[in-house]
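This is the structure, below, for whatever I ask next.
The values are calculated or read from the model by the stated rules, or taken from the named source; none is laboratory data. If you're wondering where the values come from, they're calculated on a predicted model, not measured in any experiment. Positions of Cβ are generated from backbone atoms using ideal geometry, with glycine treated the same way; all protein chains shown enter the neighbour counts.
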Amino acid sequence: MNSNENKKIINLTHHPITIMNKKGELVTIPPSGQIARADFDVIQVDEIDNIPIYEIKYKNIVGLPEPKEGVIYVVSAIMKNAVPDRRDVVATFNVDRIDGKPTHCKGFRVNG
């Protein structure tokens, strides 16, 4: 993913995303009105010393558009993890909180 002034960021979550850019300015990306979601099942696959080990199986992905040149989609961490091959799908990274509530993030993370 290269830096590019012509890229568009579309927020596919239900809430505004506020990011602190490299200049220290807060930028808010409003929800687009479309929400990307994925359901999942949690399956215990093993146990070691009475410690369960789980696998998450994602299913029913809805609301995620097909990749489009120059477009980045902001989604939940669950949704991002559900599409590991999509480098146009990102989630918030390095989130600052006040009294446990998120105030802003300092970037996005992409599947690698």
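Return the total of residues in the range 13-55 being within 17 Å of PRO102 (Cβ to Cβ) and either touching a residue at least 40 places away in the same chain (Cβ under 8 Å) or in a strand (DSSP E or B) (or both).
10
Which condition breaks for VAL90 when tested against (1) farther than 21 Å from ASN6 by Cβ; (2) assigned to a strand (DSSP E or B)?
Every listed condition holds for VAL90 apart from (1).
Which of the following residues is closer than 26 Å to ASN94 by Cα, surrounded by 12 or more Cβ atoms within 10 Å (Cβ to Cβ), aliphatic (A, V, I, L, M) and modelled with pLDDT of 95 or more: ILE78, ILE72?
Being closer than 26 Å to ASN94 by Cα, surrounded by 12 or more Cβ atoms within 10 Å (Cβ to Cβ), aliphatic (A, V, I, L, M) and modelled with pLDDT of 95 or more holds for just one of ILE78, ILE72, which is ILE72.
Out of curiosity, is ASN60 more than 16 Å from VAL110 (Cα to Cα) and at pLDDT below 95?
Taking the combined requirement at face value, the residue satisfies it.
Would you mind telling me which numbered condition in (1) assigned to a strand (DSSP E or B); (2) more than 16 Å from the chain's Cα centre (by Cα) LYS68 fails?
(1)
ASP96 passes all but one of (1) touching a Phe, Trp or Tyr at 6+ places or on another chain (Cβ under 9 Å); (2) within 24 Å of GLY112 (Cβ to Cβ); (3) outside any loop (DSSP other than H, G, I, E, B); which number fails?
Single failed check for ASP96: (1).
May I ask you to list pairs of residues, at least six apart or on different chains, whose Cβ atoms are under 7 Å apart, with the first in the range 59-77 being within 17 Å of GLY33 (Cβ to Cβ) and the second being part of a loop (DSSP other than H, G, I, E, B) and among the small types (Gly, Ala, Ser)?
Going by the 7 Å Cβ cut-off, the qualifying pairs are GLY63/ALA36; LEU64/ALA36; TYR73/ALA36; VAL75/ALA36.
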